[in-house]
1. In region 24-110, which trypsin sites (Lys or Arg not before Pro) are in a loop and have at most 14 other Cβ atoms within 10 Å, using DSSP for the loop call?
2. Quick one: length gained pulling D113 to T26 fully straight, 0.36 nm per residue minus the C-alpha distance?
3. Filter the GluC sites (Glu not before Pro) in region 90-128 down to the DSSP loop ones having no more than 15 other Cβ atoms within 10 Å, then list what survives.
4. What residues have an amide H closer than 5 Å to that of H86, excluding those fewer than 5 places away on the same chain, when H is modeled at 1.01 Å from N in the peptide plane?
5. What's the angle, to the nearest 10 degrees (0 to 90), between helix 108-117's Cα axis and the longest principal axis of the chain?
6. Do any trypsin sites (Lys or Arg not before Pro) in region 116-173 lie in a DSSP loop with no more than 15 other beta carbon atoms within 10 Å, and if so, which?
7. Rounded to the nearest 10 degrees, what's the angle between the helix 27-40 long axis and the longest principal axis of the chain, both from Cα atoms, 0 to 90?
8. If you rank D5, D160, D55 by fewest surrounding Cβ atoms within 10 Å, what's the result?
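Bear in mind that the values in this text are calculations on the coordinates, not laboratory data. Since we're looking at a predicted model, the values are computed, not measured. Note that each Cβ is placed from the backbone with ideal geometry, even for glycine, and that neighbours are counted across all protein chains shown.
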Amino acid sequence: MAEMDEEGTRKEELFFQLITLLQTGTLNFRWRAAEALGKERDLRAVGPLIEALSDEYVDVSWLAAKSLGKLGDPEAVPHLIKLLQHEDKWNRLGAVEGLAGIGDERGVEPLADLLKNDPERKVRKEAAKALSRVGGDAAFKALEMMKDEEDEVVRKAVLDALKMMKANKSKKE
């Protein structure tokens, strides 16, 4: 019993050390902490990770966005939607992945807009995948509207996303 308490205490200490490193560490420690906090699956990290979305270094902010997706807390959705507007493609990619992980339908319209208008092919491709993970009728319609996309890579991602959504729908029926 004492071993369990000791292990729990050690895990708590590690968690708070990660939070401290995320907030005050050097760049190298901040991005590693942002990544590690997603793996911890502890919702107490949501607030600090949301704060880290505005870190001056993209290495930290995009990993914080991805980790928020792993934690799956809908509180992060408006912050991730805002990050979709960031000038840096890695921040947009992190936000896309975060929104896909959370799966909240509030992300559908901004993801559809990204799929349609983002200047970066990779961001558009990932937005298609994210829409299929979020799911729902609105996401399906957004993907349907893009199935004749000119860019071959993006079009393939859209068609794959539609196929995945159809397969998931038929499994549920």
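1. R41
2. Working it through step by step, the gained length comes to 27.8 nm.
3. Listed in order of number, the matching sites are E120.
4. none
5. For helix 108-117, the angle is close to 60 degrees.
6. Sparse-neighbourhood loop trypsin sites (Lys or Arg not before Pro): K147.
7. Rounded to the nearest ten degrees, it is 80.
8. By the 10 Å Cβ count, ascending, the order reads D5, D160, D55.
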